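A short write-up of the structure that comes next.
The values are calculated or read from the model by the stated rules, or taken from the named source; none is laboratory data. All values reported here derive from a predicted model rather than from experimental measurement. Every residue, glycine among them, receives a Cβ derived from its backbone with ideal geometry; neighbour counts consider all protein chains shown.
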Amino acid sequence: MPSYQIRISNTGETYACADTRTLLEGLEALARSGIPAGCRGGGCGVCKVRIEAGTVRTKKMSRCHVSEQDEAEGCVLACRAYPLSDLQVRAVEKMARCIERAGARDGADPLRSAHRPAP
């Protein structure tokens, strides 16, 4: 059972995730606040992420939350995606707001400078 390193661009955190676990299950193993999880079945869209580097396999996702074009551009639901390599992911939409807010509160190393103007 291979395990891969997953880096969250929003906060700079890294976690290990086995290829038998979804990205959301691996993320929850960080055991910190701010990890949104809704239906866990691909229907609510809360756990949307963009794959910036690496490869995943996915199960069926609601097209209401991830269109074919979104998926072609690397967006997936973390509850329906399994790593096939080391990954770099960026939480988007609801997931991003929760992770970034909790990361700042929990003292995670924020790498959100891409969102902020340089001083």
TODO: Among the residues of the range 1-13, write down those that are part of a loop (DSSP other than H, G, I, E, B) and either touching a helix residue (DSSP H, G or I) at 6+ places or on another chain (Cβ under 9 Å) or among the acidic types (Asp, Glu) (or both).
DONE: Ser9, Asn10, Thr11, Gly12, Glu13
Task: Qualifying residues in the range 47-62 (those that are part of a loop (DSSP other than H, G, I, E, B) and surrounded by fewer than 20 Cβ atoms within 10 Å (Cβ to Cβ)) - the one modelled with the lowest pLDDT - done: Ser62
- [ ] Quickly run through the range 48-105 and pick out the residues that are under 17 Å from Ser9 (Cα atoms) and touching a Phe, Trp or Tyr at 6+ places or on another chain (Cβ under 8 Å).
- [x] Gly54, Val56, Pro83, Ser85, Asp86, Leu87
Open item on the list: So if I check each of Ala31, Ala16, Ala37, which one is assigned to a strand (DSSP E or B), surrounded by fewer than 19 Cβ atoms within 10 Å (Cβ to Cβ) and at pLDDT below 95?
Closed with: Ala16
TODO: Could you look through the range 39-63, keep only residues that are within 18 Å of Arg97 (Cα to Cα) and without any contact (Cβ under 8 Å) to a residue 40 or more places away in the chain, and pick out the one that is nearest to the chain's Cα centre (by Cα)?
DONE: Ile51
TODO: Return only the number of the condition from (1) under 19 Å from Arg101 (Cα atoms); (2) of a type in the set (S, T, N, Q); (3) within 10 Å of the chain's Cα centre (by Cα) that Gln88 does not satisfy.
DONE: (1)
TODO: Mind listing just one residue for me: the one in the range 1-36 that is among the hydroxyl-bearing types (Ser, Thr, Tyr) and within 13 Å of the chain's Cα centre (by Cα) and, of those, nearest to Ala91 (Cα to Cα)?
DONE: Ser9
TODO: State the number of residues belonging to the range 67-85 that are within 22 Å of Arg97 (Cα to Cα) and in contact (Cβ under 8 Å) with a residue 24 or more places away in the chain.
DONE: 8
